[in-house]
Amino acid sequence: MKKAVSVLIALLLLFAAGCATQPEAEPVPAAEPTAPTVAEPAPVPTEEPAPEPVELVVFAAASMTETMTKIAELYKAVAPEVTLVYNFDSSGTLKTQIKEGADCDLFISAAQKQMNELDASKDAETNPDGLDFVLQGSRVNLLENKVALVVPEGNAANIKAFADIANCESISLGNDDVPVGQYSKEILTNLGLLEGLEKGKKISYGSNVKEVTTQVSEGAVDCGIVYATDAFSAGLEVVDLAAKDMCKQVIYPAAVLNISKNPEVAQAFLDYLKTDEAMAVFQGVGFAPAS
């Protein structure tokens, strides 16, 4: 019994000694606080610089006054930085101004003749002065018009067709340097009427087509020959349209000029004139796309 107790005591002492030699557990250091993750700021998109304001000078036949004025309003939404500056007059006058050094970016003529006289690619017959103002590659046939015989309100002379001009007392035509005047004389020559009208001093001339429409509107003449588009704009009565065998096709060519200070801007505007939006304006008064 004593032996058993001794053994038990010995075991207890041995166990106590073992517990005494156990190393103390080292404290676990607290985790250091981590800085919150900050999201990288999204890159700010860089804005394209606003286009520089540009003034574009456009010389256009007087018969385009109403349509080009309306198109200028539409173009503000397309190119707000572009200010269109128009010069409307007869194509012959505009050609002379260009020849004499006027600033012009884009020229739209009411006939091929005036454009040919500025185009170095044309021969000496069509460009007798050898002028070089057309930017090669930019020239296009833009529009087609019709030549119309118009009468004042009431039509007192009872003119109903070109043939009736033989019986009129007075007629208004464009000057020789005005395309509508050239078309008019071609018609009257083909009808055999021009010589008689000249001898009878029945012709009253206008320096551009707007002057002719004014003379007819005011009843100063029995009739006049203008473009169908001008007759529409002036509210004149059209009694006849020139047939194909009376005069050549009325085509309006357009071209950027090589003296332009802004040829790319001028080309962009010319391209716009060929769009459906611009053509709708032209067609609204009787123009047609050139074929």
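Please go through (1) over 13 Å from Val147 (Cβ atoms); (2) touching a helix residue (DSSP H, G or I) at 6+ places or on another chain (Cβ under 9 Å); (3) assigned to a loop (DSSP other than H, G, I, E, B) for Met246 and return the number of the only condition it doesn't satisfy.
(1)
Which of the strands (runs of 3 or more DSSP E) contained wholly in region 121-207 include at least 1 residues that are among the basic types (Lys, Arg) and open to solvent by less than 70 Å² (accessible area, probe 1.4 Å)?
none
Quick check on this structure: which one of Val238, Val226 is hydrophobic (A, V, I, L, M, F, W, C) and buried (at least 22 other Cβ atoms within 10 Å of the Cβ)?
That would be Val226, the only listed residue that is hydrophobic (A, V, I, L, M, F, W, C) and buried (at least 22 other Cβ atoms within 10 Å of the Cβ).
Could you please give the count of residues in region 97-119 that are over 22 Å from Ala290 (Cα atoms) and open to solvent by less than 50 Å² (accessible area, probe 1.4 Å)?
3
Take region 257-287 and flag every residue that is open to solvent by 40 Å² or more (accessible area, probe 1.4 Å), touching an Asp or Glu at 6+ places or on another chain (Cβ under 8 Å) and within 20 Å of Ala111 (Cα to Cα).
Asn258
Give me a count of the residues in region 241-256 that are of a type in the set (A, V, I, L, M, F, W, C) and surrounded by 21 or more Cβ atoms within 10 Å (Cβ to Cβ).
Residues that pass the stated criteria total 5.
If we keep just the residues of region 48-70 that are within 14 Å of the chain's Cα centre (by Cα) and surrounded by 20 or more Cβ atoms within 10 Å (Cβ to Cβ), which is nearest to Gly284 (Cα to Cα)?
Among residues in region 48-70 that are within 14 Å of the chain's Cα centre (by Cα) and surrounded by 20 or more Cβ atoms within 10 Å (Cβ to Cβ), the one nearest to Gly284 (Cα to Cα) is Thr67.
Here is a yes/no grid of residues against (1) more than 21 Å from the chain's Cα centre (by Cα); (2) within 22 Å of Phe287 (Cα to Cα); (3) modelled with pLDDT under 95:
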| site | (1), (2), (3) |
| --- | --- |
| Ala72 | no, yes, no |
| Ala79 | no, no, no |
| Asn116 | yes, yes, no |
| Ala124 | yes, no, no |
| Asp129 | yes, no, no |
| Asp132 | yes, no, no |
| Arg139 | no, yes, no |
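The values are calculated or read from the model by the stated rules, or taken from the named source; none is laboratory data. Bear in mind that the values here come from a model prediction, so they are computed numbers and not experimental data. Here Cβ is always computed from backbone atoms with ideal geometry, including for glycine, and neighbour counts include all displayed protein chains. These accessible areas exclude ligands, DNA and RNA; they are computed on the full protein's heavy atoms, side chains included. Shrake-Rupley method; radii C 1.70, N 1.55, O 1.52, S 1.80 Å.
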